[in-house]
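The structure appears right after this line, and notes come after that.
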Amino acid sequence: MRSFILLTFLFLGLGFYELSGGSDFVPETRASASVAEVDTTPLPAPEIVTRAEDDTIASVNALPGVPERLAQPLVTASAEVEAAEQAVADAIAAALAEPAPAATTPEPVLASLATPSTQSVDQRFVDATSLNVRSGPSTNDRVLTKLDQNAPVIVLSELTDGWALVRIGSDGTEGWVAARFLTQ
């Protein structure tokens, strides 16, 4: 094992030597750093400040016109905005004051439910030895149940990516299967 490790390091070193240029290797010359010029002019003498007495009031000199501009409101409401607000308030008040109009004739709900559906049922059969019924159209979704070969299913919808939403005829369970394993 020791010789294997030594041979590996030797091989890696030889590879690095050859990939870096071998005996033709010329180190890159780098530009040397230059020294920046320093400003040697003397700084102005600091101003000596004395401590103010405790009973004096300090005043700040403001730029001319700044206090007047700060006293004005930033946004002024225009007449159009006020008119729109009033129109909305009037519409809300009118909607709350008027009762909703009553329906004049009731619609027959049961008649539409009693009409038999003319849609054809898309029944197919499992064409694989075993087929997983999943909770979603992905192999990452959990398996709800498994179907055996030639088990009948009703196809509710089919996606373009090859998944079909099916209802199992025996218990009414709905789930997703790979559509390529279903046959007419």
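Report yes if PRO137 is at pLDDT 65 or above, surrounded by 10 or more Cβ atoms within 10 Å (Cβ to Cβ) and not charged (D, E, K, R), otherwise no.
On the way: at pLDDT 65 or above: yes; surrounded by 10 or more Cβ atoms within 10 Å (Cβ to Cβ): yes; not charged (D, E, K, R): yes.
Judged against the criteria, PRO137 is a match.
From the list VAL143, VAL121, which one is hydrophobic (A, V, I, L, M, F, W, C) and at pLDDT 90 or above?
Of the residues listed, the single one that is hydrophobic (A, V, I, L, M, F, W, C) and at pLDDT 90 or above is VAL143.
Output the residue which, of all residues in the stretch 163-180 that are of a type in the set (Gly, Ala, Ser) and either in contact with a Gly (Cβ under 9 Å, 6 or more places away or on another chain) or modelled with pLDDT of 90 or more (or both), is surrounded by the fewest Cβ atoms within 10 Å (Cβ to Cβ). I'd like the intermediate steps shown before the answer.
Here is the first cut: in the stretch 163-180, the residues of a type in the set (Gly, Ala, Ser) are 164, 169-170, 172, 175, 178-179.
Checking which are either in contact with a Gly (Cβ under 9 Å, 6 or more places away or on another chain) or modelled with pLDDT of 90 or more (or both) leaves us with 164, 175, 178-179.
Numbers: ALA164: 21, GLY175: 22, ALA178: 15, ALA179: 18.
This residue is ALA178.
Can you name every residue in the stretch 125-144 that is in contact with a Leu (Cβ under 9 Å, 6 or more places away or on another chain) and under 20 Å from THR160 (Cα atoms)?
Correct list: PHE125, VAL126, ASP127, LEU131, ASN132, VAL133, ARG134, SER135, PRO137.
Pairs only if they're at least six apart or on different chains, beta carbon under 9 angstrom, first in the stretch 130-158 and part of a strand (DSSP E or B), second modelled with pLDDT of 90 or more and acidic (Asp, Glu); list them, first residue then second.
From residues that are part of a strand (DSSP E or B), the pairs are SER130/ASP148; LEU131/ASP148; VAL133/GLU174; ARG134/ASP141; LEU144/GLU174; LEU156/GLU174.
Name, by its number, the condition in (1) modelled with pLDDT of 75 or more; (2) among the aliphatic types (A, V, I, L, M); (3) within 44 Å of the chain's Cα centre (by Cα) that does not hold for ALA77.
Going through the list (1) modelled with pLDDT of 75 or more; (2) among the aliphatic types (A, V, I, L, M); (3) within 44 Å of the chain's Cα centre (by Cα), ALA77 breaks only (1).
The values are calculated or read from the model by the stated rules, or taken from the named source; none is laboratory data. Computed from a predicted model, the values in this text were never measured in an experiment. Cβ atoms come from the backbone with ideal geometry, glycine included; neighbour counts cover every protein chain shown.
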